[in-house]
Each structure stands twice: as C-alpha cells, then as structure tokens.
Amino acid sequence: MPLRPTGEVVGRARAEGHGVGAFNVIQLESAEAIVAGAEAAELPVILQISENCVRYHGALEPVLLASLAVARSATVPVAVHLDHAESEELVRDAVGLGVGSVMYDASRLGYAANVRTTTEVVRECHAAGVWVEAELGEVGGKDGVHAPGARTDPGEAAGFVAATGVDALAVAVGSSHAMTTREARLDEELIARLSRAVAVPLVLHGSSGVADEGLTRAVRAGITKVNLSTHLNKVFTAAVRGYLLDHPDVVDTRKYLAPGRAAMADAVAGLLRLLALQ
C-alpha cells in the first residue's frame, strides 16, 4: 500500500463517521510500532513528527525520511504529518521533504495574528498540495488552545476556518497535553456544536488523558482525527523497564527496545479499533 495523503485518510474517516489515530513518532522503533499496530488492526493510521521531536534529533530530515520509508512499506494506508510546528521555516522544510500534511500552530498569537500567519501558511502549503491543520488559542495562554479550562467557541472556530482556508481544526474541549493519567472529561455537547458549526474535520489533541469510553464518545460527537502520544510512550517505556529489570546485564539495545516496540504495536492496534468504533 503506497503512502497516502492525510486529507484522504481523514476525509474517508469523517465520511464514514468514525475516527482515525494520529500517533507521534519519537524514534524509528515508534514509527515501526505504529505501522505494525495499524497492520494488525487492518486500519489506516497517521504518523506524526512534532517540532519537539525534530529538536530531539537535531534535524527534521533523518526522522521524517525514515518515517516516510516505514509508511511506504506498509500494507495499510499510512499518512505522515508534521505536528505542532510553530516555525514557518520548519513547515517549508517538511513540505520540501515530501510530508503530506502539517499542523501549523500559531495558537500562541492573538486571533488576528493567528489568522494572518495561518492564512499565509495555508496558501503556500495548498500550492504544494499539502493539507493543513491549525488551532485556536487563548491570548497569553501558556498551553495555547489546551490550557486548562480553555474551550473553543463554535462561532469563532467557524470564522477562523472560513478566513484561513485550513483543512482541519484542533479544538479545545477538555483535553490537555502530556497527561499521564486518563482522567480528562471532554465536553461532548461542545464537540457536537463545533461539528455542526465547522465545515472541516475536528482534531482532538491531548488524547492520552482521555479514557477509552471518552474517546469513543468524542468520535461519535464529531471528532475525526485523534492525536495521541504520551499514553503510547508510557506503554513503550513500561515494557522496556520490565525487560531491563528482568535482564540487568543486557547491553544490546535491540534486546530491550524490541519488547517496547511490540507492546506499543499492540496498544496502537487496540486504539485504532476503538476509534474506528469496531
């Protein structure tokens, strides 16, 4: 199965009334695990590379090209996405390297500046055939759209989408980034209102903090793309930690990374089935 455009993967999920998982790549093993899980579930998936991941590796090209290669060898549709890019230069680099979509994050800016910069990014990306996700944020909010208590206004969201031409919108409905417990309570009534107001697919960030039943209710209420990273990192790390505790003399990194990769693949398969409402 060739690498697929993100817009195609998300658009099909939306048309069919279910969700699709967008999971973050940290290193090659996580990209392999995500695709292995998607193949086990026989469902599409989106590989995401964040600006933080790029900083960790010191450059975009190695991790992006590796992820594209993993995606191209998959037996199910796999899209590759640049996640939470605040740098317009990074967006241009990703487009030049063949990424299918970008999430441009100007939520740190006020509304007018967010609209202005996002519109320019959309113009450049659409000229290259690249799909664009964006988000709205609170002025001065440390965590932008995902600051605790932040909520997206449906009318403002509809105006933002119309003004910028974005292809998807991340919304604040009760989740928060980097949660290590699954206790977030989503505002499902607000999700439904946003889904009626906004003409493009809705994206849920910070999904690691949402329990399984909350994720399925969110999808039924109108969320399509579900971003998740911390939960899968926890699964990977727990498996590695367990192996090292049982094998304290091991020095071959493959020995302990392989159990992490396998555990993460199992978790990915389960999450994809959940989001597909199977």
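The values are calculated or read from the model by the stated rules, or taken from the named source; none is laboratory data. All values reported here derive from a predicted model rather than from experimental measurement. Cβ sites come from the backbone with ideal geometry, for glycine too, and all protein chains shown count toward neighbours. Heavy atoms of the whole protein, side chains included, go into the accessibility calculation; ligands, DNA and RNA do not. Shrake-Rupley method; radii C 1.70, N 1.55, O 1.52, S 1.80 Å.
Results for (1) in contact with a His (Cβ under 7 Å, 6 or more places away or on another chain); (2) farther than 24 Å from GLU32 by Cα; (3) assigned to a helix (DSSP H, G or I), shown as yes or no for each residue.
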position	(1), (2), (3)
ARG193	no, yes, yes
TYR243	no, no, yes
VAL251	no, no, no
VAL268	no, no, yes
>> Taking the criterion of being among the aliphatic types (A, V, I, L, M), more than 27 Å from PHE160 (Cα to Cα) and touching a helix residue (DSSP H, G or I) at 6+ places or on another chain (Cβ under 9 Å), would at least one residue in the range 242-252 satisfy it?
In response: yes
>> I need the full set of residues from the range 238-260 which are open to solvent by 50 Å² or more (accessible area, probe 1.4 Å) and either at pLDDT below 95 or of a type in the set (Asp, Glu) (or both), in order please.
In response: ASP246, ASP249
> In the range 1-27, what residues are more than 13 Å from the chain's Cα centre (by Cα), closer than 13 Å to VAL219 by Cβ and not basic (Lys, Arg)?
Replying inline: ALA13, GLU16, GLY17, HIS18
> For the subset of the range 54-80 comprising residues that are under 13 Å from ALA38 (Cα atoms), among the small types (Gly, Ala, Ser) and assigned to a loop (DSSP other than H, G, I, E, B), which member is least open to solvent (accessible area, probe 1.4 Å)?
Replying inline: ALA74
>> Checking the condition touching a strand residue (DSSP E or B) at 6+ places or on another chain (Cβ under 6 Å) and under 22 Å from PHE236 (Cβ atoms), which residue from ALA33, ALA38 passes?
In response: ALA38
> On the given criteria, is ASP93 of a type in the set (Asp, Glu), open to solvent by less than 50 Å² (accessible area, probe 1.4 Å) and not in a loop (DSSP other than H, G, I, E, B)?
Replying inline: no
> Here are ALA38, ALA106: which of them is under 17 Å from the mean Cα position of the chain (by Cα), outside any strand (DSSP E or B) and at pLDDT below 95?
Replying inline: ALA106
